[in-house]
């Protein structure tokens, strides 16, 4: 069945009703994909369940093999026997399940319903036309662009109702400086945020340099790759960095390079106060027309401020980074603390501290602990528990985890930019008729990092943004080239220019070795000509057909179909067959 989002309340009421009717200790199973959206949805849902005194089981799944394992251990075994005495009543799948036949995958008993909230498309028809009406798939739908302004006043009134300014009274009590910092502890407020990556936790220079928006608009990475490539070709080993557009931008704002490279929290107060005014003044001159966007920030009294983007970066890093990579990044920073990094990132210590700090979360946290103990050897399950704990930000442990996740995210971004620039400098991108591809040869210490499909996708997006900003892969800076017209040919020059330009817009495929599985990981990405444009990604089907032609062993297990693992000795043949499939 396909339900609109307005039916969320009815679905939750049905989950509560079924739980009360069962009278069991745990009637709800939640399967959560390893991404930030699913993690936040799980946090909201589990808080509702705990408020209603309903126990649940929470499991992180990275692919459909994990879903099958969850079915055998929590729903129905391989021999057909029901697990848990048949007390399960509701299965909730967060950001997974829409593209497969859920009833066939989970082999649900007749008294169990499954609720699917998944952003992946297309939706499998068997989930919509379920004859037993056990599968409920939620569709967010879409709003027309002309309908969005109508929501503006209502949303503004709602924000003001939640975060109403406190009227001041008495002489001199008319400013924020009269309020005690403890008043804002945990407060969430709206703010026009800079498109600078984690600038509150980094230096202003690095936050701007590693910002995809700023770097692509100013052409920082493309210019740097061209300079380094020219220097290598000429044999000149000098610095050759020169004055980049970022240096000029900072100079025009009146910010010295030395102060800009200090950590933002240590910058002079007057520079922080004039930053917004100066950036608004100079941004249009450098083409940074959308340098600000509406967001929310959370204030932690005497500690720091955390915006929504920072939280996403930190949580995503905790979900993706290998455990040894996290340890290598923060080993030096934790030497002065009483607790070592091992104890800080120990799953057992985090779970116990989380349970002790939330007495009302006993049932839910016990289930989380059981899930963590069952898969202690799987660092991705452990990473999920770390991110789940960090998201709450209600204890010292969770706050430290969030700060650590943000630092890991900054290190991840540096690694992605470093590898991306290396690809551009060495001209490793290969163009064939229907796609571009590159085989990564990263250092051994970073192989495990880039063997993650999400990290590899970020690298692909980095290459896309850089080349699109330079005009090579479409975009507003793409050169207009006219085909020579022949006799009798249409003289509509604009149509011919668009046709020729679109020839450079083809999908991008990245290939890297996965040492843990002894195979190659392949990720495909569509390349729209303008940012925000959505293209249907048909590479998943093409991958499957090409791998089938090779006869090689492959695995297409993830929730995103354009990700595949294939055996090492067949990768070249796979690329050739992929070209043939797309050419058909």
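Bear in mind that the values in this text are calculations on the coordinates, not laboratory data. Computed from a predicted model, the values in this text were never measured in an experiment. Here Cβ is always computed from backbone atoms with ideal geometry, including for glycine, and neighbour counts include all displayed protein chains.
Computed from label points 7 Å out along Cα-Cβ, the spacing between residue 557 and residue 256 is 5.6 nm. Ranked by how many other Cβ atoms sit within 10 Å of their own Cβ, fewest first, the residues 118, 52 fall in the order 52, 118. Ordering 201, 17, 9, 247 from the fewest to the most neighbouring beta carbons within 10 Å gives 9, 17, 247, 201. Region 55-84 and region 380-405 have Cα centres spaced 25 Å apart.
Exposure proxy check: 473, 3 ranked by fewest other beta carbons within 10 Å? With the sparsest Cβ surroundings first, the list reads 3, 473. Packing-based ranking of 28-34, 575-581, 215-221 yields 28-34, 215-221, 575-581, ordered from highest to lowest mean Cβ neighbour count within 10 Å.
Protection proxy ranking for 99-107, 454-462, 534-542, using the average of other Cβ atoms within 10 Å per residue and placing the highest first: 454-462, 99-107, 534-542. Restricted to Cα atoms, region 1-54 shows a radius of gyration and a Dmax of 12.2, 33 angstrom.
Distance from a point 7 Å along Cα→Cβ of residue 190 to each backbone N in region 270-293: keep the residues under 20 Å and list them by number. 290-293, by backbone N distance to the label point. Note on residue 545 and residue 576: their simple-model spin labels are 1.9 nm apart, each label 7 Å out from Cα toward Cβ. Just the number, please: Stokes-Einstein D of region 2-139 in µm²/s, Kirkwood Rh from C-alpha pairs, 20 °C, 1.002 mPa s. The diffusion coefficient I find is 144 µm²/s.
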